[in-house]
Amino acid sequence: MNPDRPIPNITRGVEITTDLDLSCDVCIVGSGPGGSIAAAKLAAAGAKVVVLEEGGYFVRKDFDLQEARAIPSLYQEYGNRATEDLSITILQGRGIGGGTLVNWTTSYRTPDVTLSRWRSDFGLSAFTPENLNPHWDEIERRLSIHEVTPDEINENNRVLWDGARKLGYGVELLKRNVNRCAHTGFCGLGCPTNAKQAMYLTYLPDAAEKGARIYANCRVLRLLADAGGKRIESAEAEVLEGMGDGAHERSERSDRTDRSERSDRATGRRVVVKAKAFVLSGGAINTPALLLRSALPDPHGRVGKRTWLHPVVATIARFAKRIDPFYGAPQSVASHHFAERPGKLGYFLETPPLQPMLASIALAGSGPEHRRRMEQLPRLNAVIALLRDGFLDQEEGGTIALRGDRGRRLAVRYPLTELHFEAMREAMKTMARIQFAAGALEVSTLHQPALALRTPRDIDLIDRRPMAPNRVGVFTAHQMGGCGASSEPTKGVVNGDLRHHHLENLFVFDGSVFPTSLGVNPQESVLGVSSWATDRLIAAGWKG
Ligand SMILES: Cc1cc2nc3c(=O)[nH]c(=O)nc-3n(C[C@H](O)[C@H](O)[C@H](O)COP(=O)(O)OP(=O)(O)OC[C@H]3O[C@@H](n4cnc5c(N)ncnc54)[C@H](O)[C@@H]3O)c2cc1C
Ligand code: SF4
């Protein structure tokens, strides 16, 4: 167990009892990797920083490993976020630390091939490995990012490792941002040992120790521009009562108000922040939604467009031996063997942890059939394929729009087309081959109803199953784009410095700036790009 590291002077929504008017040099909206590293660097450089985060402040003692409590508290829309047609389930973190509260710790630098595409197609000439590597070197030191050892591969990941190697597919060990990981397997519900080097243990305390003021449960509703419409003057947030956070402190004080009695309602209080510069780090989906709610200039209609999801399909294998897919480092191996498929969507392969609630949502079927499959959970393995979207000319990606409740509710639209279904079919066949090669007795797809493959000869049955939205389970844990960076205002929301094309003191430092998806897990890319852009903002005197 690593020691706790509280964020000094953090303010929770329930502690805000009057409306607040704050002023600072830089106001940061959102405390995921993009916002946290920016806050730490700016505060260390002497800027007065305010961070506003809509989610709660959770720490080790809040993480009791219960999915029914953790998922509503730590995920966007209580864990129910999905595309408007419900065809893609969207897992996205919410709270102090953003996605790092719940992510599975896999850490990759942005591949050179992705950076090269950004330079050639979007004019992002500074996005070179030479410019970004020093940032990643420093981040890897700070967050203890290192490669797993072979003995850390749990049985669930070993299926991918063994099966891919038997078939001659390239497969590699992953890097993770952990320090003395106890391999509980519960990264997705908050780390109970402080091993995960999430933002609430690293860059956010760093920032607060240098004077940054951090506010949890403060949802920024809109940004207000000056009369000339060229600069942002203030950010206006509503205060939420929070849900679940601080529960351990109240129970230690024998306070009867337990986590179930709060439901994240607005308290009626407002926080208004005036600043010289504003950095949006609300993540893909929420940052474009904030720009839309604020009705800021968008003459080329770029806000919310080209949203990328790395859409995920899975196959589930049953083994004679125990797999216990809920224990051990959640991810330790990956295969990028099929990442490049000219003219088609590429995909890469990883393994997800299968805690019971997540598994019960993912597994197809209902009633006695579903129960039977859940009883088999200790002997099940899952492999996932993540589609590398955004690299083909014909792809438009997803769109973010507002719907009702004064823009508080949003709609994510992501049309699944034959381009996706072709890649999903191929990926499912590859994963089934891998699982059988590793000794699976049976492999099932997440079609509705599920297709059960009893021998490798059945694999081609996948081609005969109709594919359409909601006919197969599709997920995403990697949201990107929607405020894409481009040197040309007609192609992007922000420029090569991640500064808004039409508002001189507005910046976006999060996964929404990626003009395509990444082809790897995003957190280290978000950190590296934000770190690089923060240095530019510091060099500009953080005045925007
Ligand atoms: C289950 C799961 C597993 C994952 N596993 C991995 C992994 O192993 N490796 C990896 O690299 N990536 C992983 N990811 C993805 C990764 O965590 C995200 O890509 C990354 O955190 C994105 O960083 P960000 O700064 O863009 O935004 P986020 O991390 O999403 O942070 C944005 C924050 O801003 C807040 N916010 C949004 N709007 C507002 C507003 N209007 N006002 C105030 N606050 C606001 C949000 O509540 C959130 O806390 C995983 C994600 C999930 C959900
Ligand atoms: S697997 Fe390691 S990093 Fe993840 S929750 Fe358990 S102890 Fe923390």
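Computed from the coordinates by the stated procedures, all read-outs in this text should not be read as laboratory data. Computed from a predicted structure; not experimentally measured. With ideal geometry, Cβ positions are generated from the backbone for all residues, glycine too; neighbour counts draw on all protein chains shown.
In table form, for the structure just shown:
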{"item": "Peptides 295-303, 327-335 ordered by average Cβ neighbours within 10 Å, highest first", "result": "327-335, 295-303"}
{"item": "Residues of the range 277-305 with amide N under 19 Å of the 7 Å Cα→Cβ point at A411", "result": "285-295, 301-305"}
{"item": "Nearest-20 debye value, the range 65-134 charge dipole, Cβ charges on Lys, Arg, Asp, Glu", "result": "180"}
{"item": "Computed FRET value (nearest 0.05) for H183 with E147, which takes r as the C-beta separation and R₀ as 22 Å", "result": "0.90"}
{"item": "Given charges at beta-carbon only (K, R positive; D, E negative), |dipole| of the range 420-533 in Debye", "result": "540"}
{"item": "Separation between Cα centres of the range 142-172 and the range 348-368, rounded to whole Å", "result": "21"}
{"item": "Within-13-Å neighbourhood charge of S366 [Cβ basis; K, R +1; D, E -1]", "result": "+2"}
{"item": "Qualifying trypsin sites (Lys or Arg not before Pro) for the range 384-490 [loop in DSSP, other Cβ within 10 Å: at most 12]", "result": "R403, R409, R454"}
{"item": "Distance violations [Cα-Cα > 30 Å] among K210/K276; K166/K344; K276/K491; K175/K321; K41/K344", "result": "K41/K344"}
{"item": "Sum of -39500 (n - 2.57) over DSSP H runs of 4+, divided by residues of the chain (222 nm, nearest 500)", "result": "-7500 deg cm²/dmol"}
{"item": "Charge-dipole axis of the chain as Lys and Arg at +1 and Asp and Glu at -1 on Cβ define it, positive-most pick from G519, V443, A212", "result": "V443"}
{"item": "Neighbour net charge for E138 - beta-carbon separation under 14 angstrom, K R +1, D E -1", "result": "-1"}
{"item": "Packing rank of 308-320, 276-288, 74-86, where each peptide gets the mean count of other beta carbons within 10 Å, highest leading", "result": "276-288, 308-320, 74-86"}
{"item": "Lys, Arg +1 and Asp, Glu -1 on Cβ, resulting dipole of the chain about Cα centre, debye, nearest 20", "result": "520"}
